[in-house]
């Protein structure tokens, strides 16, 4: 009887194993399109950039392995560090203002006391729907002192407004474009986080006689700490990826925007104007690693505060 039971159980076990294998294989087939796109569009360019960064192209077109020589050169490049300092200053100017304005808009929406809430929400979010290139062109023409809004105001009121495209004001002008275009996106992140706060907390606060500012500081802000961290990380990454705005504004402000204005613009010009693809890949990899480390540090800091 024991042998008969064992012989009967073995085929059943094999059938279950085959079914399990087929299900696992079916899962991989569903993942295959995504994995293919991910490998081709994300992993492969990074691997190729790493390959380029450890070689140098000779005058005769021959690639010579140089190890970390390109990285050493980049870390000693004053133009690279100039761009890094510029985007770091932009980050300090832009990110806090962006988050504060977006948070204020989200809190106003969540209060339920705002008239025309639907119009307000769509008005704040609408700039995010405008492509970054178009937004930069719009603001660039408004900034113009010879042909734009600034020029018109100077003519109408017989005044002389500061030139937004001057070397001293260009960072503030770019920060304004970034804030205008991204405040609506961050507002929606905060507003969605506010909407899931349990209403029982508000009822308990009302019973205790807490005012609106107390509710915001003691209930709302702690509850959306995770959303604040995510928005901060996205904004930091966006600051270090600065490219579209200086690239488009450069013909309008050639004295204010150099070819190394931001690390990404520097990398682009090295590759496509200077023919230094190997060094360009090195700059891009260094900035990618730096952005990853800073974003992780911000995330870790936010998680510690939330614990």
### Message
Between residue 117 and residue 217, what is the label-point separation in nm under the 7 Å Cα-to-beta-carbon projection?
### Response
2.5
### Query
Once you put a point 7 Å from the Cα of residue 79 and another 7 Å from the Cα of residue 201, both along the Cβ direction, what distance in nm separates them?
5.1
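Ranking request for peptides 64-75, 37-48: highest mean number of other beta-carbon atoms within 10 Å first, then the rest in descending order. Don't skip to the answer; put the middle values down first.
Values: 64-75: 14.7, 37-48: 10.9.
Top to bottom by mean Cβ count within 10 Å: 64-75, 37-48.
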### Query
So how far, in whole Å, is the C-alpha centre of the range 34-77 from the one of the range 204-227?
50
### Query
Calculated from the structure, P(r) over Cα pairs in 20 Å bins from 0, in percent equals which of (1) 23, 43, 25, 7, 1, 0; (2) 31, 49, 19, 1; (3) 32, 59, 8?
(1)
### Task
Please sort 162-173, 184-195, 118-129 by packing, taking for each peptide the average over its residues of neighbouring beta carbons within 10 angstrom, highest first.
184-195, 162-173, 118-129
### Task
Please check which bits of the range 179-195 a label hung off residue 129 would reach, taking the label as a point 7 Å along Cα-to-C-beta and the cut-off as backbone N under 20 Å.
179-192
### Query
Can you sort 287, 117 by how many other beta carbons sit within 10 Å, fewest first?
117, 287
### Query
What list do you get for 92, 87 if you sort them by fewest beta carbons within 10 Å?
92, 87
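Which order do the peptides 260-269, 137-146 come out in when sorted by mean C-beta neighbours inside 10 angstrom, highest first?
Numbers: 260-269: 23.4, 137-146: 17.1.
Packing order, densest peptide first, comes out as 260-269, 137-146.
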### Summary
Given all pairs of distinct Cα atoms, the range 162-307 yields a Kirkwood Rh in Å of 18.3
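Every number here is computed from the coordinates shown, using simple stated rules; none is lab data. Every value quoted in this text rests on a predicted model; they were computed, and no experiment measured them. Note: ideal-geometry Cβ built from the backbone for every residue, glycine included; neighbour counts use all protein chains shown.
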